[in-house]
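Read the structure below first, then the notes.
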Amino acid sequence: MMQSPQQPAADAVTSERPVDPRPEDSRESQGAGSGATTGAGHARGAALVPPATVVLAATPIGNTSDASPRLMALLERADIVAAEDTRRLYDLANRLGVRVGGRVVAYHDHNEHEKADGLIDEAEAGATVLVVSDAGMPTINDPGLAVVRRAIERGVAVTCAPGPSAVLDALALSGLPTDRFCYEGFVPRRHAERLQRLRMLKGEERTIVLYETPHRIAATMDDLEEVFGPDRRMALCRELTKDFEEIRRGDIRTIHQGVVDDPPRGEIVLVLAGASPQEAAEAFPTAADPDDLAALAAGRAQSAGIRVKDAIAQVVAEHPLPDGSLLSRKDVYARVLALKDQRR
């Protein structure tokens, strides 16, 4: 779950779309993906509810008014609703003023693999199987991938009812390039693993989108500044679509200091500018070689008047491997000793 639906004041805005006059058990006859509607066009009742299909549906990431008429129709008419949290599902339905018409099953990170085949069995038998997460699009840092894969493997139709997405909202609001971007989800919790992941991204030329939590944002900002430097442009987006939505834009140094001075609350999306061509070339200039780094460390220790171990630590950190990992300092130190033996 990325963001939990909350009902802001904006939810007072009601939809002016007409209500479907047909019985709740009515079904559209078109196949999945046809996109056909009746004369009511965009009316909730005209929304396609395809039989024998798995439908991934996006739910609001904060503002309930963002729910689409299609989502509402699916909630009312799907035969089965697989929900990340059933209590949140019913809460959302209540706020939307719709009744969940089908059988509801819990479908979350801990059971999605074991539940996937059962859901596909239902779809094969002709059911409309709706998959929803607590907020946003299923499979995007939320459950859903297992059932999609099994549907593909078993030849069952699968489609999307698109809608709110924290990734795209933050990207659009960041002011950073949107023509090419990559989404990295949550960065690792552990410091060493997080540094490795960020070093992998140092030379990435596309705009980078990351998720983070309030209790880890300070540590992540420390690591962002260490890896990318203080001047890379970025945006910190929090509480998207909610009453207290906030977008902080600036360089890493400025955003970092803002996190220290005014810790952000709520769900956070970080958007980081991609590397310039020069930065990308400098990120991984050459494949790190233990012998080369040993020679470089030995020379630096002598010229800078520092300990060999300190020089090794510096050059190893400056030459990450393409996967973001670092060569063993012990291995480089062994090569330094070998170089000394050769010169005797």
Next on the checklist: Regarding segment 167-282, what's the average projected area of the Cα-atom convex hull, expressed in nm²?
Outcome noted: 6.4 nm²
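In cubic angstrom, how much convex hull volume per residue do the alpha carbon atoms of segment 262-344 span? Write down the numbers at each step before the final one.
Details: hull volume 13.7 nm³, N = 83.
That works out to 165 Å³ per residue.
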Next on the checklist: Within 14 Å, Cβ to Cβ, of Pro264, how many net charges do the neighbouring residues add up to if Lys/Arg are +1 and Asp/Glu are -1?
Outcome noted: -1
Checklist entry - Packing-wise, with mean Cβ within 10 Å as the measure, how do 309-320, 50-61 rank, highest first? => result 50-61, 309-320
Checklist outcome for this item: Given backbone amide H placed at 1.01 Å from N, residues whose amide H is under 5 Å from that of Ala157, ignoring those fewer than 5 places away on the same chain, are Val54
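Within a Cβ distance under 12 Å of Gly274, other residues only, what is the Lys/Arg minus Asp/Glu net charge? Write out the running numbers ahead of the final one.
Working: positive: Arg180, Lys202, Arg206, Arg232, Arg233; negative: Asp179, Glu204, Glu205, Glu279.
Surrounding charge for Gly274 is +1.
Bear in mind these aren't lab numbers, they're just calculated from the coordinates by the rules spelled out. Note that this is a predicted model, so its numbers are computed, not measured. All Cβ positions, even for glycine, are placed from backbone atoms using ideal geometry, and neighbour counts span all protein chains on display.
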